[in-house]
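Just below is one structure, and these are the notes that go with it.
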Amino acid sequence: MAARSTPEAKTERLLNLVIALLYTRRALTKNAIRQAVRQYDDAPTDEAFDRMFERDKDELRDLGIPLRTEHIDTLFEDETGYRIDRREYELPDLHFDADELAVLGLASRAWQQASLAGPAAAALRKLEALDIEHDAASVVGLEPRIRTAEPAFEAVKDAVMERCAITFDYRKGGGESTRRSLQPWTVTNRKGHWYVTGFDTDRDAPRVFRLSRIDGAVRKVGKPGSYEVPADHDAHSMIAGTERVADWAPAVLRVRIERGHSLVRRARTVGVVDDEWQLVDIEYADLGVLADEVASFGADVLVEQPLELRDAVIRRLTGALQAMTSDATSSEATFAAADHQEERV
């Protein structure tokens, strides 16, 4: 069977090749590489594999990846091996000023827990099966996955990919929740918020929903592939058309000194309580977003006011506790944070 030649297949193959050459501490022969990278193993002939591998080597070098060619046997020099020199591949020590660190902090909230997944993990399993000595630390971060704090994200994203209609309870700005039915078109991030666009079958019109306002479970209805996404759909324009000037509200937080820097930086006022705590007066436009941020600091940030923000933080910490019951240490820390918030009542 001939190997696939789609752009996605090529990207997957190059990624697996980089992983294989970073993963090993010694140079790999072409035969070992062909066994480790699944797409090479699919090549119908040796000649087809050779052509594919030569093109891929050139492309990696064009991308600036330091692919080295070495002799496997130093005595006879009769077999060539390949590897990526990790010292040349890695970035040098980097230094950032306060503003750059703030930007990186925001970015990390969208790209969190870089890890290997899918084809990359399969490639590592193949290398292990071949008894190749590995250096796992060098491949961390090759295939980052987007993580979000929105409980509805995965279900909505899956429905978009399957083109399957969904129903959910949606909380409007005033707090009331109503049942909605949607044929989802896209999931999009804009200005730090996640949205789903689609066709509201109850209103018989296109609509935009912010994922942070979806309450409870998202349920699929009907069959996958039951509708088409308009060819001219522009999610960003559609979301921009629904935006309004935010209604800002005040919050008072007790922040442990030398913690919660992102909150302290944008505070209107900061007052010292004692040697351990400072009182931070901050404004927010979305209670759910601020609750996510406060909860991420655990017991280092406590909510003084408003009570609905404190309740939202406690709900998040309690939910995290329930999801982490298999990790006793993490669960104990999360429980302590939630309990500490409740003591403020």
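The values are calculated or read from the model by the stated rules, or taken from the named source; none is laboratory data. Since the structure is predicted, the reported quantities are computational estimates derived from the model, not experimental observations. Cβ sites come from the backbone with ideal geometry, for glycine too, and all protein chains shown count toward neighbours. Quick note on the areas: whole protein, heavy atoms, side chains included, nothing else; ligands and nucleic acids left out. Shrake-Rupley method; radii C 1.70, N 1.55, O 1.52, S 1.80 Å.
Things to note:
- The set of residues in the range 236-268 being more than 20 Å from S296 (Cα to Cα), modelled with pLDDT of 85 or more and charged (D, E, K, R) consists of R268 alone.
- Candidate set from the range 190-241 (those that are assigned to a helix (DSSP H, G or I) and hydroxyl-bearing (S, T, Y)); member that is farthest from E293 (Cα to Cα): S237
- Among (1) modelled with pLDDT of 85 or more; (2) open to solvent by 50 Å² or more (accessible area, probe 1.4 Å); (3) part of a helix (DSSP H, G or I) - the single one N16 does not satisfy: (2)
- Checking V289, V255 one by one, the residue that is in a helix (DSSP H, G or I) and not small (G, A, S) is V289 and no other.
- Of everything listed in (1) open to solvent by less than 20 Å² (accessible area, probe 1.4 Å); (2) in contact (Cβ under 8 Å) with a residue 40 or more places away in the chain; (3) over 29 Å from T197 (Cβ atoms), the single unmet condition for V280 is (2).
- Put simply, of A231, A285 the only residue that is out of contact with any strand residue (DSSP E or B) (no Cβ under 9 Å at 6 or more places or on another chain) and hydrophobic (A, V, I, L, M, F, W, C) is A231.
- Which listed residue, of A235, A231, A299, is more than 26 Å from L317 (Cα to Cα), of a type in the set (G, A, S) and open to solvent by less than 80 Å² (accessible area, probe 1.4 Å): A235
- Residue that is among the hydrophobic types (A, V, I, L, M, F, W, C) and either within 19 Å of W194 (Cβ to Cβ) or in contact with a Pro (Cβ under 7 Å, 6 or more places away or on another chain) (or both), where the choices are A299, A295: A295
- Residues of the range 150-204 that turn out to be farther than 18 Å from V221 by Cα and out of contact with any helix residue (DSSP H, G or I) (no Cβ under 6 Å at 6 or more places or on another chain), as a count: 11
- Filtering the range 205-227 to residues that are under 16 Å from A159 (Cβ atoms), buried (at least 18 other Cβ atoms within 10 Å of the Cβ) and touching a helix residue (DSSP H, G or I) at 6+ places or on another chain (Cβ under 7 Å) leaves V208, L211, V218.
- Qualifying residue in the range 315-328 (condition: under 28 Å from R190 (Cα atoms), crowded, with 17+ Cβ neighbours inside 10 Å and at pLDDT 85 or above): no
- Those residues of the range 43-79 which are over 31 Å from the mean Cα position of the chain (by Cα), in a loop (DSSP other than H, G, I, E, B) and either modelled with pLDDT under 85 or buried (at least 16 other Cβ atoms within 10 Å of the Cβ) (or both), in sequence order: A43, I72, D73, T74, L75, F76, E77, D78, E79
- Residue count for the range 296-320, restricted to those that are among the aliphatic types (A, V, I, L, M), in a helix (DSSP H, G or I) and in contact (Cβ under 8 Å) with a residue 40 or more places away in the chain: 2
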